[in-house]
Amino acid sequence: MRIILLGAPGAGKGTIAKMLVEKYGIVQISTGDILRQAVKEGTETGKKASEYMNAGKLVPDEIIMGIIEERIEKPDCAKGFIFDGFPRTIPQAEALEKLLAAKDMTIDAIVNLEVPEDVVLKRLTSRRTCSNPDCQAIYNIYTMPPEKEGICDKCGSKLVQRDDETEEAIKVRLATYYEKTQPLIDYYKSNKTYFAVSSLIAQETFDEIVKRLGK
Ligand code: AMP
């Protein structure tokens, strides 16, 4: 099973991807997570990407395609994968098509998670992440607060707001989404595997996707 998850920042792609991973035994490929890891490790890719990321801008397509090409070759992708946060531009989608064709791979579903903009804004500004690089647990100050304010339940480290989740960076991320990523919806709409689901309550969204996948 190979799935592309589309949706604005804060649409719930990460949460839904994790639920689908459990259900289908496939892997989540989040370019955002891979890039954050590269930044933390101080690799060449990380150094190139961090300025774009902190400003809420998109990392250049060549860097992203390099990451994807390397990632889908790994043995854990044999049963399938879910792209979370990729593709983000039409050139990325075109490059992906070529890459998959060369590997004789097809996509089973392109799922667009739909959420009103005010919900997205509230979700993003209320997210807190564990500062411990080995933990990175995610909380929400309204819907999933930690037991002790500002402290991770799992490891006791301080919770922080990601650099790209300050209000200023979020505004840029959303503007970037509308300019560069939303056109992908039109690009994919005519594809027979495309469908959209409302993404307000994770369990309902997940159930709907599973029903539509019919597997
Ligand atoms: P995310 O966690 O998916 O919101 O990604 C965090 C940041 O990583 C984004 O704001 C971008 O700077 C960068 N990024 C992640 N995926 C991509 C992608 N497919 N294309 C370009 N930049 C990306």
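Here are some notes:
- Filter pass, LYS57 being farther than 24 Å from ILE16 by Cβ, assigned to a loop (DSSP other than H, G, I, E, B) and of a type outside the set (S, T, N, Q): yes
- Yes/no for ILE72 being within 17 Å of the chain's Cα centre (by Cα), more than 13 Å from the ligand (Cβ to nearest atom) and farther than 21 Å from ARG212 by Cα: yes
- Scanning segment 85-107 for residues that are at positive phi and either of a type in the set (Asp, Glu) or assigned to a strand (DSSP E or B) (or both) returns a single hit, ASP104.
- Flag for THR176 being touching a strand residue (DSSP E or B) at 6+ places or on another chain (Cβ under 6 Å), among the hydroxyl-bearing types (Ser, Thr, Tyr) and within 12 Å of the ligand (Cβ to nearest atom): no
- Test: residue in segment 196-204 that is closer than 19 Å to ARG88 by Cβ, part of a strand (DSSP E or B) and touching a residue at least 60 places away in the same chain (Cβ under 8 Å): yes
- Residue in segment 176-195 that is modelled with pLDDT under 95 and among the hydrophobic types (A, V, I, L, M, F, W, C) present: no
- ILE170 being closer than 24 Å to THR89 by Cβ, within 16 Å of the ligand (Cβ to nearest atom) and part of a loop (DSSP other than H, G, I, E, B): no
- Restricting attention to segment 97-118, the residues that are away from the ligand (no atom under 16 Å from the Cβ), touching a Gly at 6+ places or on another chain (Cβ under 9 Å) and aliphatic (A, V, I, L, M) add up to 0.
- Exactly one residue out of GLU94, GLU22 is over 23 Å from LYS180 (Cβ atoms), away from the ligand (no atom under 11 Å from the Cβ) and either without any contact (Cβ under 8 Å) to a residue 60 or more places away in the chain or of a type in the set (D, E, K, R) (or both), and it is GLU22.
- When we screen ILE64, ILE82 for residues that are within 14 Å of the ligand (Cβ to nearest atom), assigned to a helix (DSSP H, G or I) and buried (at least 20 other Cβ atoms within 10 Å of the Cβ), the only hit is ILE64.
- For segment 34-48, the condition of being surrounded by fewer than 19 Cβ atoms within 10 Å (Cβ to Cβ), of a type in the set (S, T, N, Q) and under 14 Å from MET1 (Cα atoms) holds for none of the residues.
- When segment 179-215 is filtered for residues that are over 17 Å from ILE16 (Cα atoms), surrounded by 15 or more Cβ atoms within 10 Å (Cβ to Cβ) and away from the ligand (no atom under 16 Å from the Cβ), only THR193 remains.
The values are calculated or read from the model by the stated rules, or taken from the named source; none is laboratory data. All of these numbers come straight from a predicted model, not from anything done at the bench. Reconstructed Cβ throughout: ideal geometry from the backbone, glycine too, with neighbour counts over all protein chains shown.
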